[in-house]
Amino acid sequence: MCRDFTGRPVIPEVLDPVLGAAFAGPRAGNTHGLHLVALQGPDVARYWAVTLPGSRRSTFRWPGLLRAPVLVLVVVDPQAYVQRYAADDKASTGLGHAPADWPVPYWFVDGGAAVMGMLLAAEAVGLGALFFGQFDHEPAVAAEFGVPDGCRSVGTVALGWPAPGGRNPARSARTGRPGGPGFVHRGSW
Ligand SMILES: Cc1cc2nc3c(=O)[nH]c(=O)nc-3n(C[C@H](O)[C@H](O)[C@H](O)COP(=O)(O)O)c2cc1C
């Protein structure tokens, strides 16, 4: 992940395939329930005005993140999944009534896959990227950018050209990489 950007714009020829990679991921039932809101220029400033008001900027841990020229809201539409699973070929699942019925909310699963597609595509062309949460700003961000009621933001992906040393680890990176013998359970846990 990159939290320090140069601010150099990302031209459409580079950006658009990265956005497109979000839609190359798996989708439960091939549901059309993923939307991206891509922000550049003054719209990026609108985002930070909502989520990081001036009073908090001086103490913000990642000032170079504010130079990211592109922010992408990754938005999923639970209702699209419910409608899709009400169709004849999916009705037997019983998931075609309400989002609350879903034991695993597949819109978030697909949203995560969409994020990963973008992160991999960004890395492949040398862009820096950071996925970060909206936390309790989600309703205000949705209102600012016209995200319809009922849709959920999985989070935000910042994209841009990394500043030297910009791929700076979060404090949480101290926990090391997961995986290995303790996490891959063969045969049984
Ligand atoms: C669900 C999720 C939420 C995250 N939220 C944040 C966040 O709010 N702020 C942040 O700086 N990084 C956030 N991250 C990025 C993680 O810290 C990052 O993936 C992890 O540190 C690995 O980064 P590395 O590839 O640079 O080692 C989030 C990642 C995920 C998958």
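The numbers here are math on the coordinates, done by the rules we state, and not lab data. Owing to the predicted nature of the structure, the values given are computational and were not obtained by experimental measurement. Positions of Cβ are generated from backbone atoms using ideal geometry, with glycine treated the same way; all protein chains shown enter the neighbour counts.
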* Asked: For residue 59 and residue 38 in the same chain, what is the full-extension length gain: residue separation times 0.36 nm, less their Cα-Cα distance, in nm?
  -> 4.9 nm
* Go ahead and estimate [θ] at 222 nm for the chain from helices alone: -39,500 (n - 2.57) per DSSP H run with n ≥ 4, summed, over the residue count, rounded to 500. => -9000 deg cm²/dmol
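Please compute, over every Cα-Cα pair in the chain, the percentage with a separation greater than 22 angstrom. Each step should come with its number before you reach the end.
Working: 9534 of 17766 pairs.
Percentage above 22 Å: 54.
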* For the pair residue 1 and residue 186, how long in nm is the line joining their label points, each one 7 Å along Cα→Cβ? -> 3.2
* **Using θ = phi - 60° and Karplus 6.51 cos²θ - 1.76 cosθ + 1.60, couplings along the stretch 156-164 (whole Hz; Gly, Pro as x)** => 10, 10, 8, 10, x, 7, x, 5, x
* How far is helix 12-21 tilted off the main Cα axis of the chain, in degrees rounded to 10, range 0 to 90? -> 30
* To do: Calculate one ³J(HN,Hα) per residue across the stretch 134-143 by plugging θ = phi - 60° into the Karplus curve 6.51 cos²θ - 1.76 cosθ + 1.60, and present them in order as whole Hz with x for glycine and proline.
  => 9, 6, 6, 7, 3, x, 5, 5, 4, 5
* **In degrees, nearest ten, helix 106-124 long axis to first principal axis of the chain (Cα)** => 40
* Peptide ranges 79-91, 166-178 listed from the most packed, as the mean C-beta count within 10 angstrom indicates -> 79-91, 166-178
* Asked: For the stretch 1-75, which chymotrypsin sites (Phe, Trp or Tyr not before Pro) are both in a DSSP coil and crowded by at most 13 other Cβ atoms within 10 Å?
  -> 60
